Each structure stands twice: as C-alpha cells, then as structure tokens.
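J.: Handing you a structure now.
The values are calculated or read from the model by the stated rules, or taken from the named source; none is laboratory data. The structure displayed is predicted, hence computed values, not measured ones. Every residue, glycine among them, receives a Cβ derived from its backbone with ideal geometry; neighbour counts consider all protein chains shown.
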Amino acid sequence: LGMPDVPIKLADRRKTRQIQVGSVAVGGDAPVSVQSMTTTRTSDIGATLQQIAELTASGCQIVRVACPTQDDADALATIARKSQIPVIADIHFQPKYVFAAIDAGCAAVRVNPGNIKQFDDKVKEIAKAASAAGVPIRIGVNAGSLDRRLMEKYGKATPEALAESALWEASLFEEHDFRDIKISVKHNDPVIMVNAYRLLAQQCDYPLHLGVTEAGPAFQGTIKSAVAFGALLAEGIGDTIRVSLSAPPVEEVKVGIQILESLNLRQRRLEIVSCPSCGRAQVDVYKLADQVSAGLEGMEVPLRVAVMGCVVNGPGEAREADLGVASGNGKGQIFVKGEVIKTVPESMIVETLIDEAMKLAEQMEAA
Ligand code: SF4
C-alpha cells in the first residue's frame, strides 16, 4: 500500500546494438516498437498514404511498403515525405530499387544481400549508399525463400538453417564494414521460429525484428504470434515486432500493441477485467463486457475496469480495479478505487460505468 505501481518485468531486454529507423530507435534500450505493412499497391500513392494514416492512428510506429516495380519505386519519395511514421521499402532481387528507396528518403530498406550477390559489387555499393544516407537495412530471412545452399545442407528450414542464413547474409554486409542492420528469421511454425531467434540471439547483437510469417487468418495468426512473441519477449529477445495476419493491417497493429501491453513492455491502456461467467452469473456478462468495451474504445489512459457476473469474486476483483461492477439481484454495485459509490439497476450499469470511467480519465489526464 502506498507503493508506486511499478510494472513487474519478465526479463531484462537482451543487449543489442541500436539502429535508427527514421525517428524510431530500434534495439538497445529503445522500447519494443510495433510495425505493419501496407496491402495497397505502393504505386497508388493516395491509397497507400490513406492506409498509412489509418495505421498511424492505430498506433503503428513503422510501416513497410512493397516495392516490386519501377512505378512503386517512383512512388516512394512522396510516400516517405508525407507519411507521419518511418517508411521501410521492402525489396527483393532488384538492387536498383534499393538505391531508389535510399534516394527517396525511406527510413530503411528490407533486402537480402544473398539475393543480389550475383550482381557484381552491388552489395558493396548498397553498403556504401546506405551508410552515406544513414539508412539501416533489415535482413529478412523467410522459411519460404531460404537460400538453396542452406536448404541442401539442412534439408528444410530448420532453426539452424534460418539462423545460419541470416548470419551469412549479415556477413556479406560486414565485409564492407556495414553493421547498421536488424534481422528477422520468420517461419510459420512458432516453435521453429522461436528456436531460430534464440540461436540468432546467442550469436549476434543485431536488433531482432520478430515475426511469425504467414501466421494465418486473424484468430490463428493472433494466437501464433502472441505465443511466439511472448516466449521470446519473456526471455528479453525482440526489439521490434510485426504481427502478420490475413486481415487488414490495422488489426496487426492492435494485436501487436496488446501483446506488448500484456507483457508490461508498454504501459497498459484500457484493460477490461471481465469474468468468464458461470452458473452463478446473475447478468449477461458477455454482453455487459462487450458494451463496456465498445463504450470505452479508444480510451488512452491506463484504466482497469472490472465487469463481474456475481457477488462471489465480483466485489474482490471490482475493488482491485480502478472501476468495476459486481452484479447481482438485477442490480450492479459500482466500485471506484475500491469503494462502492452506488448501486444501480441492471439497465443503468453500462451507462454508469462509462460515465465514471470518463470522470476518472479526466482526473488522470489532469494529474
Ligand atoms: Fe462465475 Fe461470479 Fe466468477 Fe463470474 S464472478 S465467473 S459469475 S463466480
């Protein structure tokens, strides 16, 4: 009692070298950042900027755009200039787009030097151009596009193959004294992915971009990503995250933020503590929790709101929260900061909770 509420951490962050992706620091002591990728054609500047604006509003901190054609490369300068968050150009195979992205003012480029090694001196030239512009590179190894040599050596995309591939790619830049790098080693299987990142974390100090690739539709992808990121972040591994879902990218950002909040890697915002309901429930808890969540959506202050179905655990949980309701007998006891402030009829519970939440939010913002 009376102690400041310092969030408990699962682990100290692994020490990584810090890189600067535009205005966002990644690695070192920088907070773990959340990123996503646009789904528009990059050459459609209006649609891409619109989606980036939506992503920015949802809390996305870094955005990646694909750059498969010259038209896409031509759009990068306007997108990079008008985006409110750093833009990373995602490039495969064509070195000319890497130079275009650097010239366009992109904050970083994702490219695998192994793909462009066959072009004479291109890796060296990219290292030079990126270094001169202060643009970091993400090396992104994916199970689906693993180097043939490693596929032959390991037979499939094992954790060892993924980690070895990434470190070999990095060495192609290191040969030219370029170390402004972050790395990802993505696989659709969370167990392989977790082990690949663990191996990588043991063998280098580059910041790591976590991702479960092709994680699937929203429900499955959310769980795969949460489990895999949770396992790694709980060990202090991971400097920036991207949840991949077959769903609109704003959903990826919401999931990413929720994962970081759940692990106390970011201050929690609104948190609804609602019971699962059971045979004792004297109110429709699902409906009540949904209505309270909907009514408080977008609230930025760290408020814990308890929605409990009966008086068994209800008053206890509701007291622990900033605000809460314990239902029973067609009524709801409303708690604020541990005290019952009033009892209202069931039909007034949602309205009363929202009113009280707004009052608390105003006090917190004023403080
Ligand atoms: Fe059941 Fe009451 Fe616990 Fe909800 S609070 S799960 S209704 S015992």
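J.: Pick from Ser145, Ser171, Ser83: which is surrounded by fewer than 18 Cβ atoms within 10 Å (Cβ to Cβ) and within 30 Å of Ile45 (Cβ to Cβ)?
T.: Ser145
J.: Anything in region 42-79 that is part of a loop (DSSP other than H, G, I, E, B), closer than 26 Å to Ser225 by Cβ, out of contact with any Asp or Glu (no Cβ under 7 Å at 6 or more places or on another chain) and not small (Gly, Ala, Ser)? List them, or say none.
T.: Just the residues of region 42-79 that are part of a loop (DSSP other than H, G, I, E, B), to begin with: 42-44, 58-61, 67-69.
Filter once more, keeping what is closer than 26 Å to Ser225 by Cβ: 42, 58-61, 67-68.
From the residues that got through so far, the ones that are out of contact with any Asp or Glu (no Cβ under 7 Å at 6 or more places or on another chain) too are 58-61, 68.
Residues satisfying the conditions are Cys60, Gln61, Pro68.
J.: Continuing with the same structure: Report yes if Ser165 is within 24 Å of Ile237 (Cα to Cα), touching an Asp or Glu at 6+ places or on another chain (Cβ under 8 Å) and of a type in the set (Ser, Thr, Tyr), otherwise no. Walk me through it before giving the result.
T.: Numbers: within 24 Å of Ile237 (Cα to Cα): yes; touching an Asp or Glu at 6+ places or on another chain (Cβ under 8 Å): yes; of a type in the set (Ser, Thr, Tyr): yes.
Criteria met by Ser165.
J.: Identify all residues within region 113-162 that are among the polar types (S, T, N, Q) and over 22 Å from the mean Cα position of the chain (by Cα); write none if there are none. First the steps, then the outcome.
T.: First, pick out the residues of region 113-162 that are among the polar types (S, T, N, Q): 115, 118, 131, 142, 145, 158.
Passing the criteria: Asn115, Gln118, Ser131, Ser145, Thr158.
J.: Against the definition (modelled with pLDDT under 95 and either farther than 17 Å from Asp239 by Cα or out of contact with any helix residue (DSSP H, G or I) (no Cβ under 6 Å at 6 or more places or on another chain) (or both)), how does Ile8 come out, yes or no?
T.: Details: modelled with pLDDT under 95: yes; either farther than 17 Å from Asp239 by Cα or out of contact with any helix residue (DSSP H, G or I) (no Cβ under 6 Å at 6 or more places or on another chain) (or both): yes.
Yes; evaluated as a whole, the condition is true for this residue.
J.: Among (1) at pLDDT below 90; (2) touching a helix residue (DSSP H, G or I) at 6+ places or on another chain (Cβ under 9 Å); (3) within 16 Å of the ligand (Cβ to nearest atom), where does Met299 come up short?
T.: (3)
J.: From the list Cys310, Cys278, which residue is in contact (Cβ under 8 Å) with a residue 24 or more places away in the chain and surrounded by fewer than 17 Cβ atoms within 10 Å (Cβ to Cβ)? Give the steps one after another, and end with the answer.
T.: Details: Cys310 fails: surrounded by fewer than 17 Cβ atoms within 10 Å (Cβ to Cβ).
From the options Cys310, Cys278, the qualifying one is Cys278.
Every residue, every condition in (1) of a type outside the set (D, E, K, R); (2) touching a strand residue (DSSP E or B) at 6+ places or on another chain (Cβ under 7 Å), yes or no:
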| position | (1), (2) |
| --- | --- |
| Arg242 | no, yes |
| Leu245 | yes, no |
| Lys254 | no, no |
| Cys275 | yes, yes |
| Val283 | yes, yes |
| Lys287 | no, no |
| Val292 | yes, yes |
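J.: Can you confirm whether Lys331 is crowded, with 16+ Cβ neighbours inside 10 Å and basic (Lys, Arg)?
T.: Details: crowded, with 16+ Cβ neighbours inside 10 Å: yes; basic (Lys, Arg): yes.
Taking the combined requirement at face value, the residue satisfies it.
J.: Here's something else I'd like to know. Test Thr213 against the stated conditions and say whether it is modelled with pLDDT under 95, surrounded by fewer than 24 Cβ atoms within 10 Å (Cβ to Cβ) and either of a type outside the set (A, V, I, L, M, F, W, C) or in contact with a Lys or Arg (Cβ under 8 Å, 6 or more places away or on another chain) (or both).
T.: Values: modelled with pLDDT under 95: yes; surrounded by fewer than 24 Cβ atoms within 10 Å (Cβ to Cβ): yes; either of a type outside the set (A, V, I, L, M, F, W, C) or in contact with a Lys or Arg (Cβ under 8 Å, 6 or more places away or on another chain) (or both): yes.
Considered against the rule, which asks whether it is modelled with pLDDT under 95, surrounded by fewer than 24 Cβ atoms within 10 Å (Cβ to Cβ) and either of a type outside the set (A, V, I, L, M, F, W, C) or in contact with a Lys or Arg (Cβ under 8 Å, 6 or more places away or on another chain) (or both), Thr213 comes out as yes.
J.: Among residues belonging to region 80-109 that are outside any loop (DSSP other than H, G, I, E, B) and of a type outside the set (A, V, I, L, M), point out the one that is nearest to Ile181 (Cα to Cα). It would help to see each step written out before you state the result.
T.: Taking region 80-109 first, the residues outside any loop (DSSP other than H, G, I, E, B) are 80-82, 87-90, 95-103, 108-109.
From the residues that got through so far, the ones that are of a type outside the set (A, V, I, L, M) too are 81-82, 90, 95-97, 99, 103.
On the way: Arg81: 23, Lys82: 25, Asp90: 14, Pro95: 17, Lys96: 19, Tyr97: 18, Phe99: 16, Asp103: 18 Å.
The residue in question is Asp90.
J.: On to the next question. Mind checking whether some residue in region 205-224 is closer than 18 Å to Ser36 by Cα, touching a Phe, Trp or Tyr at 6+ places or on another chain (Cβ under 9 Å) and assigned to a loop (DSSP other than H, G, I, E, B)? Don't jump to the end; show me each part of the working.
T.: Step one: of region 205-224, the residues closer than 18 Å to Ser36 by Cα are 207-224.
Subsequent filtering for residues that are touching a Phe, Trp or Tyr at 6+ places or on another chain (Cβ under 9 Å) retains 208, 210-212.
Subset that is assigned to a loop (DSSP other than H, G, I, E, B): 211.
So far as region 205-224 goes, yes, one or more of its residues are closer than 18 Å to Ser36 by Cα, touching a Phe, Trp or Tyr at 6+ places or on another chain (Cβ under 9 Å) and assigned to a loop (DSSP other than H, G, I, E, B).
J.: Here is a further query. So which residues in region 232-291 are within 16 Å of the ligand (Cβ to nearest atom), part of a helix (DSSP H, G or I) and among the hydroxyl-bearing types (Ser, Thr, Tyr)?
T.: Tyr286
J.: Among the listed residues Ala218, Ala228, which satisfies the condition of being over 30 Å from Val312 (Cα atoms) and surrounded by 19 or more Cβ atoms within 10 Å (Cβ to Cβ)? Please lay out each step first, then the result.
T.: Values: Ala218 fails: surrounded by 19 or more Cβ atoms within 10 Å (Cβ to Cβ).
Residue meeting the stated conditions: Ala228.
J.: Then there is this: For region 302-330, what are the residues that are more than 8 Å from the ligand (Cβ to nearest atom) and part of a helix (DSSP H, G or I)?
T.: Those that are more than 8 Å from the ligand (Cβ to nearest atom) and part of a helix (DSSP H, G or I): Pro315, Gly316, Ala318, Arg319, Glu320.
J.: Give the residue, chosen from Leu303, Leu263, that is buried (at least 19 other Cβ atoms within 10 Å of the Cβ), out of contact with any strand residue (DSSP E or B) (no Cβ under 9 Å at 6 or more places or on another chain) and hydrophobic (A, V, I, L, M, F, W, C).
T.: Working: Leu303 fails: out of contact with any strand residue (DSSP E or B) (no Cβ under 9 Å at 6 or more places or on another chain).
Testing whether each residue is buried (at least 19 other Cβ atoms within 10 Å of the Cβ), out of contact with any strand residue (DSSP E or B) (no Cβ under 9 Å at 6 or more places or on another chain) and hydrophobic (A, V, I, L, M, F, W, C) leaves just Leu263.
J.: Right, here's the next one. Across region 163-202, which residue is nearest to the chain's Cα centre (by Cα) among those that are acidic (Asp, Glu) and closer than 22 Å to Val26 by Cα?
T.: Asp180
J.: Out of Asp29, Asp90, which single residue is in contact with a strand residue (DSSP E or B) (Cβ under 6 Å, 6 or more places away or on another chain) and under 30 Å from Asp205 (Cβ atoms)? Explain how you work it out, then say what you get.
T.: On the way: Asp29 fails: in contact with a strand residue (DSSP E or B) (Cβ under 6 Å, 6 or more places away or on another chain).
Being in contact with a strand residue (DSSP E or B) (Cβ under 6 Å, 6 or more places away or on another chain) and under 30 Å from Asp205 (Cβ atoms) holds for just one of Asp29, Asp90, which is Asp90.
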